[in-house]
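Take a look at the structure set out below.
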Amino acid sequence: MKLEVQRDSGIPLYIQVKDMIKELIRQKVWVPGSKLPTERSLAEELKISRNTVSMAFRELEAEGIIVCQQGRGTFVAESDEAVRRESRRERLLRIIDIAMEEATALGFSIDQFLAITHVRAREKQDILSRANIVLIECNREQVEYFARELAHSVGVIIQPILLGELENDPDKYQNIIRQADIVITTLFHLQSVKEILGPLGTEIIALALSPLLDSIVRIARLPDGAQVGIFCISSSFAEKMLSALRNAGINHLRFATFLGPAARETVLSQINSVDYIIASPGRKQELVNLTDKDVIEFIFSPDQASIDLLRSTLMELEQKNLKRWEKENGEEVSG
């Protein structure tokens, strides 16, 4: 089957690649267990950038449609249909039902099961609340947004540190980082963070970031030649945003970048000079308060694989701290 993308369709290229792969799987051209072409070969066949294919692969993997195996390649997921039919809530309810059946078989009543699980959840919550996690990123609006979103996703408090401030005054943050259980950064900054931190021995997790699909789709649907204002706080955020739009195949718009903060009159003049507005998380509310124009918020978010990696690391930390807690409190260490 000949594979091709439509560059003038207004649909981001990586979304076209995703849909193309899904259709090939639906038609059973690629069956469960089939090995997909490499990112490089698929990019060459479609005459698009490898980053575009990589973005499509990452989202398909997060959705459970494909599986990327280090050193072996990328394959159609074996249990894709079964996984997608069952929602996360249904899976959790099934796990709870199994646990209750096991508990009653051991002689516990439902009320006792409820009381024990409540206490255990509080213990785990208390342990996680004491986890010391540091997030290092390059611009303030992004690092604060990431800290909030990751805290919500994994249920822990995360302390943000700006990479620039760490580079300028590493001694100021040495003690904070030395006491951290985990340091989080992005793949883009991983090497810089490692060099700054040196041999502290603190575990570093690197997150892969992707723009939210909703933002990309809304921007892709803007009319050809429209003047679009990018409103953000830092030039680094603007550069990443423009790079993400180029990688998504969005080349039909004219962009102007406006960095803030700025005086109200200046911002109003900037708003009036463009047809459409894209805002970073740090400036969205400011613009919403100043104009009736639709404000498209552009968000970079850790992909699902990164969230899963962070969760698994926290689970290991939780188990270690739980055993220490039980030992300190004279309780039997759980299996």
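The values are calculated or read from the model by the stated rules, or taken from the named source; none is laboratory data. Keep in mind it's a predicted model, so treat the numbers as computed, not measured. In this analysis, Cβ positions are derived from the backbone assuming ideal geometry, glycine residues included, and neighbour counts consider all displayed protein chains.
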Within the range 211-219, is even one residue small (Gly, Ala, Ser) and closer than 28 Å to Glu61 by Cβ?
-> yes
Pairs, please: C-beta under 8 Å, at least 6 apart or cross-chain, first residue buried (at least 17 other Cβ atoms within 10 Å of the Cβ) and in the range 275-299, second modelled with pLDDT of 95 or more and polar (S, T, N, Q)?
-> Tyr276/Gln227
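Can you name the residue in the range 300-310 that is of a type outside the set (Val, Ile, Thr) and surrounded by 15 or more Cβ atoms within 10 Å (Cβ to Cβ) and, of all such residues, is modelled with the lowest pLDDT?
Gln304
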Need at least 2 residues that are of a type in the set (D, E, K, R), at pLDDT below 85 and farther than 26 Å from Ile216 by Cβ per element, so show me which helices (runs of 4 or more DSSP H) inside the range 1-97 make the cut, counting only ones lying wholly within it.
-> 80-85
Here the residues within the range 181-226 that are modelled with pLDDT of 85 or more and of a type in the set (Val, Ile, Thr) are Ile182, Val183, Ile184, Thr185, Val193, Ile204, Ile205, Ile216, Ile219
Looking only at the range 221-250, count how many residues are closer than 11 Å to Pro12 by Cα and out of contact with any helix residue (DSSP H, G or I) (no Cβ under 8 Å at 6 or more places or on another chain).
-> 2
